[in-house]
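Heads up: the structure comes next, in structure tokens.
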Amino acid sequence: MSALHDPVSGRPLTPDTPHSLSDGARRWPVLDGIPYLRVGRDELVATALAALDGGRVTEAAAALLADNDDWWDQPPPPPDALAAAYRAAADPGTTLRDAVAALGLGRVGDYFLHRDHDPSGLAVTALASTHPPAGRAVVDLACGAGHLLRRLALEPGEAPAAIGVDIVFAKLWLARRFVLPPDADVRLVCADLRTGWPVVPEGDAWVSCHDTLYFLDDPGDVLRRAGDLAGPGGAVLAAHCHNVEHPLGVAGHPRSVPAWAGLLPGALTYAEEELTAAALAGRPARPAEPGALRDTEAVALALDWAGAPPRPSLVEPAPGAELHPNPLYRDGVRRWPNPRWAEEYGDRAAAYLPEHAPVGLGRDEAARRRVLVELPERW
């Protein structure tokens, strides 16, 4: 990827201090290596820059960690609590669980803790396995806490360089501090996909955007720009696009499956349930015509101009991974993290995670069924 560009002017950004970037006229704060380039947050940008310029790093961190997207309906913790959470992350004993609680992320925190083994997370992994990066640079839009970026970084040869973009700084900070491997070649950037993008085309790229398009008023614009960014030998993938014809697809701005398919002409379409099943079976997913997917909760789109072959190993644990009992089991009994999680994922997750932890499974079978899972070191 090339240098970042200012999302307003489009000019290249370069460091003007160790904690800020500038296009020559406008400055943006950088904390823990993560540039904050979110348009429309002028007061927050000024506050963070003033704190960083004055050496008050935890003050800047508290301001940036309090920011959230327009859909979030909970108030942030007070600044002193966020400053304490930032300081605590330097302690190797602080876990991802501690951090999401301290940041007040509630149900979103539970989602991040269990992302790699929930049905939609498995669907994303299966889509990436069926249409892998194959050595192309990765751009993960709306990357959240970096779970997909982590898996790609751990797969030899799949993602030589990657960039993750998200609108919420706190999610990127969790990715950097707790989720991504410390040596991963991943750049993280806080920016809004609805405005100018800080990443510009430079060679072919594998561009993904999952669990986000149904939040946007104009997802077609994001997919068009993703295609431009991908280049003639790149790929565009988008999973979990809510289907308006399914009872669980009513959140956000859902569309019918044919309508979603029309936003990325030429893309293959996949039912989310098929993708989850493919991950559990360790096989490539099977696409279907949009008209045959009226019953799916959410559809996924995949368009790969290079036609890279599947990489089945991506749905398996990373090479050399240490496996742990799935944390959804406590004292051998499966417990969903919260009622909202249970409503969205419970029925499908129960198909591969029985109420009581099964015994006698071999390591490979337990890993395939996600009874044993890989977790970040500081989970």
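Please enumerate the residues belonging to segment 228-262 that are part of a loop (DSSP other than H, G, I, E, B) and aliphatic (A, V, I, L, M).
Correct list: V244, V250, A251.
Go through segment 10-23 residue by residue and tally those that are out of contact with any helix residue (DSSP H, G or I) (no Cβ under 8 Å at 6 or more places or on another chain) and either in contact (Cβ under 8 Å) with a residue 60 or more places away in the chain or of a type in the set (V, I, T) (or both).
Result for segment 10-23: 3.
If you check A306, A298, A285, A321, which single one turns out to be at pLDDT below 95 and hydrophobic (A, V, I, L, M, F, W, C)?
Only one candidate qualifies: A321.
Note down all Cβ pairs under 6 Å where the first residue falls in segment 207-219 and is more than 22 Å from L152 (Cα to Cα), the second is part of a helix (DSSP H, G or I), and they're at least six residues apart or on different chains.
Correct list of pairs: P219/L213.
Name the residues in segment 24-70 that are among the basic types (K, R) and either within 11 Å of F169 (Cβ to Cβ) or touching a helix residue (DSSP H, G or I) at 6+ places or on another chain (Cβ under 7 Å) (or both), would you?
R27, R38, R41
Among what's in segment 335-375 and is of a type in the set (K, R) and out of contact with any His (no Cβ under 7 Å at 6 or more places or on another chain), pick the residue that is nearest to V250 (Cα to Cα).
R340
Name every residue in segment 160-170 that is under 15 Å from the mean Cα position of the chain (by Cα) and without any contact (Cβ under 8 Å) to a residue 60 or more places away in the chain, in order of residue number.
Hits for segment 160-170 are A162, G164, V165, D166.
On the basis of being touching a Cys at 6+ places or on another chain (Cβ under 6 Å), open to solvent by 10 Å² or more (accessible area, probe 1.4 Å) and in contact (Cβ under 8 Å) with a residue 40 or more places away in the chain, does A142 make the cut?
In short, yes.
Got at least one residue in segment 7-17 being under 23 Å from L65 (Cβ atoms) and under 24 Å from the mean Cα position of the chain (by Cα)?
Yes, segment 7-17 contains at least one residue that is under 23 Å from L65 (Cβ atoms) and under 24 Å from the mean Cα position of the chain (by Cα).
If a residue counts only when it is open to solvent by 60 Å² or more (accessible area, probe 1.4 Å), which helices (runs of 4 or more DSSP H) contained entirely in segment 15-130 have at least 1 such residues?
Helices (runs of 4 or more DSSP H) meeting the threshold: 42-53, 57-66, 79-88, 96-102, 106-113.
Can you tell me which of (1) part of a loop (DSSP other than H, G, I, E, B); (2) without any contact (Cβ under 8 Å) to a residue 60 or more places away in the chain; (3) open to solvent by less than 30 Å² (accessible area, probe 1.4 Å) is the one D183 doesn't meet?
Status for D183: all satisfied but (3).
The values are calculated or read from the model by the stated rules, or taken from the named source; none is laboratory data. Keep in mind it's a predicted model, so treat the numbers as computed, not measured. Note that we place each Cβ from the backbone using ideal geometry, even for glycine, and neighbour counts take in every protein chain shown. Accessible surface is based on the protein model in full, side chains and every heavy atom, while ligands, DNA and RNA are left aside. Shrake-Rupley method; radii C 1.70, N 1.55, O 1.52, S 1.80 Å.
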